[in-house]
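Visitor: Quick one: structure below, then a few questions.
None of the figures in this text is laboratory data; all of them are computed from the coordinates on show. Worth saying up front: this structure is predicted, and the values here are computed from it rather than measured. Glycine also receives a Cβ, built like all others from the backbone with ideal geometry; neighbour counts cover every protein chain displayed.
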Amino acid sequence: MKKRIYYDSTDAGGIVYHTEYIKFCEQARSEIFFKHDIFFENEGYIVTDLKAKYITPAKLGDLIEIKTKVLGYTKIRVNILQEIYKDKQKIFELKVTVAYIKNSKLSKIPQSHIKILNEYT
């Protein structure tokens, strides 16, 4: 997913806030399902663990690209690596584990989701 950096994601000096990188990654994960016409209602994925590595900042006006790779999954959890690039240089890395929930309870990931996740391995 490509994204332009706008003023609302930056501080007064035009540097992207640290929390915005995590938000950008969340948006990229959501887009994976949205482009397959899956819109969550009474279900979805919750973050159970994450590790962020900030390498170099993005700034106002930059065009960034968020790349997502599924590292593996179990019946209910998915381990994901997301990297953000600016001008082909990695500037941020996120390792995140998400769990599938349905009706507010941990549940087995649907087969239709497994098919989508396999596209990103």
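Visitor: What lysines sit close enough to residue 75 to cross-link, taking a C-alpha to C-alpha distance under 27 Å and skipping anything fewer than 8 places away on the same chain?
Guide: 23, 35, 51, 67, 95, 102, 105, 108, 115
Visitor: Shifting gears a bit: As an exercise, use a Förster radius of 35 Å and the Cβ-Cβ distance of residue 85 and residue 107 to find the FRET efficiency, rounded to the nearest 0.05.
Guide: Calculated value: 0.55.
Visitor: Just to be sure I understand: of the beta bridges DSSP finds with both ends in the chain, what percent are antiparallel, rounded to 5?
Guide: 100 percent
Visitor: Then there's this: Assuming 1.306 mPa s and 10 °C, estimate D for the range 58-113 with Stokes-Einstein, Rh taken as the Kirkwood radius over Cα pairs, in µm²/s.
Guide: D, rounded to a whole number, is 121 µm²/s.
Visitor: Further question on the same structure: If you place +1 on the Cβ of every Lys and Arg, -1 on the Cβ of every Asp and Glu, and leave all else neutral, what size is the dipole of the chain about its Cα centre, to the nearest 20 Debye?
Guide: 420 debye
Visitor: For the chain, modelled as a Gaussian network with Cα springs under 10 Å, which listed residue fluctuates most, 78, 96, 47?
Guide: Sorting by GNM fluctuation, first place goes to 47.
Visitor: About the Cα centre, and with charges only on the beta carbon of Lys, Arg (+1) and Asp, Glu (-1), how big is the dipole of the range 55-121? Nearest 20 debye, please.
Guide: The dipole of the range 55-121 has a size of about 400 debye.
Visitor: Another question about this same structure. Treating cross-link reach as a plain straight distance, find the aspartates and glutamates whose alpha-carbon is under 15 Å from the alpha-carbon of residue 69, omitting any fewer than eight places away in the same chain.
Guide: Those aspartates and glutamates meeting the cut-off are 26, 31, 83, 93, 119.
Visitor: Then there's this: Over the chain, consider all pairs of different Cα atoms and compute the Kirkwood hydrodynamic radius from their mean reciprocal separation; express it in Å, one decimal.
Guide: 15.1 Å
Visitor: Another question, then. Could you pull out which residues in the range 104-121 have an amide N less than 16 Å from a spot 7 Å beyond the Cα of residue 37, following the Cα-Cβ vector?
Guide: 112-113, 116
Visitor: Compute the angle between helix 18-34 and the longest alpha-carbon principal axis of the chain, please, reported from 0 to 90 degrees and rounded to the nearest 10.
Guide: Taking the Cα atoms of the chain, the angle to 18-34 is about 40 degrees.
Visitor: For the chain, which longest stretch is free of loop sites, where a loop site is one of the trypsin sites (Lys or Arg not before Pro) that DSSP puts outside H, G, I, E and B and that has at most 15 other Cβ atoms within 10 Å?
Guide: 36-74
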